[in-house]
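Before any comments, here is the structure.
The values are calculated or read from the model by the stated rules, or taken from the named source; none is laboratory data. A quick note: this is a predicted structure, and the numbers were derived from the prediction, not measured. Cβ placement follows ideal geometry from the backbone for every residue including glycine, while neighbour counts extend to all protein chains displayed.
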């Protein structure tokens with residue numbers, strides 16, 4: 001049991017709440033991770049706050065004009081009525097059209113109608129409800145969104161198996177560790193004949209997307225494991241879909257390459273407008289299924305099972321945000337405005353790359369590969385990442401430490417002209433700790 005859960009259980013010891021707790025209730029805890037560190041930053045990070053995965057301009061969150069203007073236009077039936085359990089039908093169809101348009105490799109392939117869920121956290125959690133049992137294994141890279149662990153290990157009592165996300169190639173450059181992924185899945189499959197992988201690109205916290213060659217290698221590795229008799233659940237966590245800033249990267253979802261890859265591979269796409277349409281607080285996501293050999297009846301059965309999970313938890317997702325999103329998807333000028341917002345993020349990424357390329361970094365800071373998304377991370381060598389975070393926080397700068405070894409910086413939430421000042425402060429603080 002996690003030490004944080006044990007601490008909370010001790011605080012409840014001898015009380016009626018203690019006696020009533022379920023097994024899962026005893027395992028539950030609130031991680032001292034991104035959210036708690038972000039809360040500290042909200043209080044103290046008055047200079048730069050590079051903790052949270054949002055994007056700001058002139059101190060306010062980015063918002064599409066169609067969303068801003070649509071807020072007061074909802075009819076009563078859109079604003080306060082219940083939405084269907086699987087989501088507003090028109091939105092589900094419209095989002096499927098979006099998936100097909102953004103992923104040309106899906107042409108001619110069969111995928112389910114997306115189901116609306118209350119955010120991508122719910123998407124991962126509900127998929128886990130459908131497919132994970134105690135003792136099953138979920139394979140993720142060592143640098144991953146910490147909420148996976150809470151969902152997989154505490155809610156579902158499954159095992160998390162990690163592999164180093166990066167490995168040095170023959171040229172010495174770091175790239176995606178496809179062999180580590182394959183080894184982990186093979187080990188997991190040997191235990192029960194089934195395994196799950198969650199693949200999040202662009203990755204949180206590193207901001208890395210595989211190259212096209214790496215993507216093909218990942219698919220080939222999954223096929224090899226499946227062909228050996230292991231049933232694979234592969235979840236494509238596409239929270240940061242479409243935010244690649246370099247040439248030669250995987251621009252589609254890995255889901256598109258897995259939808260018809262092998263009869264022993266069930267592909268699941270977890271996505272939503274959170275980052276794609278700059279509506280972080282909407283708490284709206286989608287789950288879509290595909291797999292070689294799955295019929296439309298199979299898709300319908302999976303959708304209905306997912307509806308059962310939704311019905312037995314939140315009943316249905318928020319109706320107003322679904323109708324707002326539906327209006328925004330067809331609003332004039334949306335595509336152009338999204339391009340402008342994406343340009344803001346890419347400009348911040350370019351400024352980070354320029355700083356790192358022109359500055360002598362202390363040996364204690366190793367920037368990890370980054371080519372997309374909202375974040376980049378440093379590996380801290382010989383110094384504590386948490387000590388570095390706290391020193392920066394004392395200077396009014398918010399960052400996130402992970403595993404006491406990595407420092408995550410959300411360049412998405414820092415204006416381009418402030419990037420150099422932020423990174424200078426990080427370098428100076430690391431150098432001071434290295435003395």
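Points to keep in mind about this one:
- Qualifying residues in the range 243-261 (those that are in contact with a strand residue (DSSP E or B) (Cβ under 8 Å, 6 or more places away or on another chain) and in a helix (DSSP H, G or I)) - the one farthest from residue 209 (Cα to Cα): 258
- Scanning the range 69-113 for residues that are assigned to a loop (DSSP other than H, G, I, E, B), closer than 22 Å to residue 244 by Cβ and touching a helix residue (DSSP H, G or I) at 6+ places or on another chain (Cβ under 6 Å) yields a single hit, 103.
- Identity of the residue in the range 333-360, in contact (Cβ under 8 Å) with a residue 12 or more places away in the chain and not in a helix (DSSP H, G or I), that ends up nearest to residue 386 (Cα to Cα): 359
- Test: residue in the range 117-124 that is outside the structural domain of residue 401 (by TED's automatic domain parsing), in contact (Cβ under 8 Å) with a residue 40 or more places away in the chain, in contact with a helix residue (DSSP H, G or I) (Cβ under 7 Å, 6 or more places away or on another chain) and closer than 15 Å to residue 197 by Cα: yes
- Pick from the range 126-159, criterion modelled with pLDDT of 95 or more and farther than 12 Å from residue 198 by Cβ, ranking: surrounded by the most Cβ atoms within 10 Å (Cβ to Cβ): 143
- Any hit, the range 174-189, residues being in a strand (DSSP E or B), farther than 28 Å from residue 309 by Cβ, touching a helix residue (DSSP H, G or I) at 6+ places or on another chain (Cβ under 7 Å) and not assigned by TED's automatic domain parsing to the domain that holds residue 412: yes
Quick grid of which residues meet (1) at pLDDT 95 or above; (2) surrounded by fewer than 21 Cβ atoms within 10 Å (Cβ to Cβ):
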position: 311; (1), (2): no, yes
position: 315; (1), (2): no, yes
position: 351; (1), (2): yes, yes
position: 358; (1), (2): yes, yes
position: 377; (1), (2): yes, no
position: 384; (1), (2): yes, yes
position: 399; (1), (2): yes, no
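- Residue 122 being surrounded by fewer than 19 Cβ atoms within 10 Å (Cβ to Cβ) and at pLDDT 95 or above: no
- Taking the listed residues 106, 100, the one that is buried (at least 18 other Cβ atoms within 10 Å of the Cβ) and outside the structural domain of residue 417 (by TED's automatic domain parsing) is 106, with no other qualifying.
- Members of the range 361-388 found to be in a strand (DSSP E or B) and without any contact (Cβ under 8 Å) to a residue 60 or more places away in the chain, listed by number: 366, 367, 378, 379, 380
- Meets criteria (in contact with a strand residue (DSSP E or B) (Cβ under 6 Å, 6 or more places away or on another chain) and buried (at least 21 other Cβ atoms within 10 Å of the Cβ)) for residue 372: yes
- Taken as a whole, the range 408-423 holds at least one residue that is over 16 Å from residue 207 (Cα atoms), in contact (Cβ under 8 Å) with a residue 40 or more places away in the chain and assigned to a loop (DSSP other than H, G, I, E, B).
- Once the range 7-30 is narrowed to residues that are loosely packed, with under 15 Cβ neighbours inside 10 Å and under 28 Å from the mean Cα position of the chain (by Cα), the residue that is nearest to residue 144 (Cα to Cα) is 30.
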